[in-house]
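A quick write-up on the structure given underneath.
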Amino acid sequence: MSLALPARHLGEALGSLRTLGRRTLLALLGIVIGSASVIALVNIGDNAVEDARSIFKDLGTDTLVVQFPAQAGDQATLPPTLDLDALRQAVPGLAQLAPVQMFSAPVSVGGQSTNASVVGSDASLQGAMGLRLRQGRFLSAFDRSGNGAVLGAQLAETLGSPVRPLQVGDQVRINQDLFQVLGILVSQPNAVLVPVVANDALIVPFDAMRRLQARTRLDNLIVRVAPGRDVTVTGKALEAALARLLPGRESSVQVAQSILDGLTRQTRTFTYLLTALGGISLVGGGIGVMNVMLMNVAERRREIGVRMALGARRRDIRNLFLLEAMTLSAAGAACGALLGLLFAYLYARFSGWQFSLAGGALPLGVGSTLLVGLFFGLYPAVMAARLQPVEALRDD
């Protein structure tokens, strides 16, 4: 009996909503659109945050990049190199410390030539940037002044040919100097913070840059912080140590984690804005529910009077109309959940993002839809419960 009574009331609610026909469908459509908007926009915002995080995935949040911006009137010129051992002693916790100098130059192999970014560095660059090799090996301490080079995947493909791809041991000409290919890197996504584009780079020993350029200077330092160290604190210590080692010369230390945190906050704000827009459309659907329920009460005044005359209490009448409003809202929430997830999935696919279901999307979308239905269905239900039986029975 306890299960039969709610089932009977639910059947009455569905039958009553069916009698309203198109008005019920229009109210249901408004609820579906509102619920789908909330779920889709919350999920899209969450996927946007994950996409922003993936930009720094290969770079790692334990990376620091030191830049030496040029300023007019600088009295202190940047030396061609830096005492890295002294820097490591001054700042404990630096796992990898790679000096970087870059310039653009024409490179060629046989009849193939292109313009490439020539990067001067040392063996630490592999660990600092997380570079992986497809063939051969990376630079070592024995290659400091040698003519070895490591090529990015895209550059190696450009300099090679379908008939004869570029191989380890080939000779690459940079200006008038020949360098032997020691290794070829695996293709990897570009890191936003790091100035080196690995796929298009030709990496040579730092000391070899003196033969390629009349004047060499240190452009950047790429630093990997040791595990367990606070990246922000280490970055501040590194900036202070550089100020002592290079008096009068400004240096800028960029922390990947700080940039990622700021980017995440901005994306979260965007997500809240999208959720608010979805909430506005959901409120519009709730107004549609209230309109349908008011019409329902107006058309069923005589039925309400009969129910009261037969012994129905005011709370029974109120609960009956609340059940109808909640039934309409629950149906809209279910359909809106499916539609919202479908839209979020298609949006992620077309945007090139990795789709993932946001943890709060479904609870927030379905829960807010039910609350809106309850809120906007409460007034018509209370109005129906306050009808006087005698006045209701007089209605034709």
Response to the item:
Given a Förster distance of 30 Å, the FRET efficiency implied by the Cβ-Cβ spacing of residue 190 and residue 164, rounded to the nearest 0.05, works out to 0.60
Worksheet item: Under a plain spin-label model, where a point goes 7 Å from the Cα along Cα-to-Cβ, how far apart in nm are residue 330 and residue 287?
Response: 2.7
Discussion item. With Kirkwood's inverse mean 1/r over C-alpha pairs for Rh, give me the Rg to Rh ratio of the range 69-250, two decimals please.
Written reply: 0.99
Worksheet entry | Theoretical FRET efficiency, 1/(1+(r/R0)^6), r = Cβ-Cβ of residue 243 and residue 213, R0 35 Å, to 0.05 | 0.85
Response to the item:
Here the equivalent ellipsoid of the range 281-396, derived from its Cα gyration tensor, has semi-axes (largest first, whole Å) of 40, 12, 9
Response to the item:
The convex hull of the Cα atoms of the range 279-341, divided by residue count, gives a volume in Å³ per residue of 82
Worksheet item: Extension gain residue 315-residue 232, at 0.36 nm per residue separation less the Cα-Cα distance, in nm?
Response: 23.8 nm
Fill in: Value of relative contact order over the range 179-328, rounded to a whole percent, pairs C-alpha under 8 Å and six or more apart
12
Worksheet, complete the sentence: Distance in nm between residue 51 and residue 371 label points, each 7 Å along Cα→Cβ, equals 2.9
Worksheet item: Which whole-number percent gives the relative contact order of the range 69-250, counting Cα pairs below 8 Å spaced six or more residues apart?
Response: 33
Discussion item. Need the full-extension length gain, residue 114 to residue 171, defined as separation in residues times 0.36 nm minus the C-alpha distance. One decimal, nm.
Written reply: 19.1 nm
Item to complete: Take peptides 348-361, 373-386 and line them up by average Cβ neighbours within 10 Å, highest first, as a rough protection proxy.
Response: 373-386, 348-361
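We did not get these values from a lab; they are worked out from the coordinates using the rules stated. Bear in mind the structure is a predicted one, so any value in this text is a computation, not a measurement. All Cβ positions, glycine included, derive from the backbone under ideal geometry; neighbour counts span all protein chains shown.
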